[in-house]
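**Student:** Handing you this structure, nothing more for now.
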Amino acid sequence: MLARLAPAAHPRLEFLVCHKEPSDPLAVLERNENCRAIACPPTARIPHMWRDGILAARGERVALLSAHCIPCASWSANLERLAMPPGTAGVGGYFSNDPTASALDTAIFLLRYAQFCTPRDRDAIAHIAADNAVYRRSAILDCPELLPQGFWETDYHRQFAARGLKLQLTSELEVIHTNRYTSPEFAAQRREHGFEFGRGRARVMSTARLTLLAAAAPAIPAVLLAKVLRRAGASGAARAIYAFFHLTYFALSWGLGETRGLWSELRSRVAA
């Protein structure tokens, strides 16, 4: 990953590697003054490591990647010249799938990135994927109530929208998805992320609406699966069929997590 980012060729950029494994700070870190390693707790998830990197960063703009999203060779150069107009909180890129992807890999790609797999530029969008995005650091730090939980991007995107800040898409930032999860690992991640998503969604709802949504929660996996298939579109139909078993399993895992998140918030309101 760092070889693709080419730190030596971009001395104006700061590269932070947030890691949990003792071997993770690669040798290239020692050869470049603009590279630093940030040690994270063994239990940290990707949103926690993103948060730690954001807090440690020195610049106003912070670009995020994850280990399973390999940047294209021109990613750093494109990032340096990328415009971020006033009032824009974040700019997201697009994702290609590894051409050797298995059914498991394809299911994960479609679930996470189906809506971001076509290169395009858009001035206003509700959501971008943080695995390939650049954010205005000050906009993130203006949400101090969210920081302790980590950088769960959907919660921040809601806050940005409420403050009148925009998100954009660009065709200039491309990464290739190369899956590193086993099926049980990704299912566990879906449950955890679904829980955080459901709880964050519930916090901004009225109790009446939350009660209705919690009652309808068994339908969440079917709704999610339909959404993924629609986003995959006709061009992705063959891939969706190829990965359908895994897609269904992960949709059920997400649904279980989101349901727990909704009911957790509802129970806390009733108890209060």
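**Student:** Over the chain, what is the relative contact order in whole percent, taking alpha-carbon pairs under 8 Å and six or more residues apart?
**Tutor:** The normalised contact order for the chain reaches 21 percent.
**Student:** Could you go through the range 256-272 in sequence order and give the Karplus-derived ³J(HN,Hα) for each residue, using 6.51 cos²θ - 1.76 cosθ + 1.60 with θ = phi - 60°, rounded to whole Hz, and x for Gly and Pro?
**Tutor:** 5, x, 5, 4, 4, x, 5, 5, 4, 5, 5, 5, 5, 6, 5, 5, 6
**Student:** Calculate the radius of gyration of the Cα atoms of the chain to one decimal place, then report Dmax, the largest Cα-Cα distance, as a whole number, both in Å.
**Tutor:** For the chain, the Cα-based Rg and Dmax read 18.8, 57 Å.
**Student:** While we're looking at this one, here's another question. How long is the range 136-207 along each principal axis, judged by its Cα atoms, biggest number first, in Å?
**Tutor:** 39, 38, 21
**Student:** In addition: With the radius of gyration and the Kirkwood radius both derived from the Cα set of the range 156-272, what is their ratio Rg to Rh?
**Tutor:** 1.02
**Student:** Also, quick follow-up: Calculate, for residue 121 and residue 269, the FRET efficiency according to 1/(1 + (r/R0)^6) with r their C-beta to C-beta distance and R0 41 Å; round to the nearest 0.05.
**Tutor:** 0.50
**Student:** If you don't mind, there's one more thing I want to ask. Going by Cα centres, the range 84-150 and the range 160-222 are how many Å apart?
**Tutor:** Centre-to-centre (Cα) distance: 12 Å.
**Student:** Still on this structure: Spelling out what I want: for every residue of the range 66-71, take phi, set θ = phi - 60°, compute 6.51 cos²θ - 1.76 cosθ + 1.60 (Karplus), and round to whole Hz; glycine and proline get x.
**Tutor:** Going residue by residue, I get 9, 5, 8, 10, 8, x Hz, with x marking Gly and Pro.
**Student:** Same structure, new question: In sequence order, what are the phi-derived ³J(HN,Hα) couplings for the range 93-106 according to the Karplus relation 6.51 cos²θ - 1.76 cosθ + 1.60 with θ = phi - 60°, rounded to whole Hz, with x for glycine and proline?
**Tutor:** Running phi through 6.51 cos²θ - 1.76 cosθ + 1.60 with θ = phi - 60° gives x, 10, 10, 10, 9, 4, x, 9, 4, 7, 4, 4, 4, 5 Hz.
**Student:** How far is it, in nm, from the label point at residue 4 to the one at residue 38 when both lie 7 Å from their Cα along the line to the Cβ?
**Tutor:** Using points 7 Å along Cα→Cβ, the separation is 2.0 nm.
**Student:** Between residue 162 and residue 219, what is the spin-label point distance in nm, taking each point 7 Å from the Cα along the Cα→C-beta axis?
**Tutor:** My value for the distance between the label points is 2.6 nm.
**Student:** Could you pull out the trypsin sites (Lys or Arg not before Pro) across the range 44-140 that fall in loop regions by DSSP (anything but H, G, I, E, B) with no more than 11 other Cβ atoms inside 10 Å?
**Tutor:** Answer by residue number: 58, 81, 120.
Taken together, the values in this text are just the output of simple stated rules run on the coordinates, not laboratory data. Predicted model only: the values in this text are computed from it and were never measured. Counting neighbours? That spans all protein chains shown, and the Cβs are built from the backbone with ideal geometry, glycine included.
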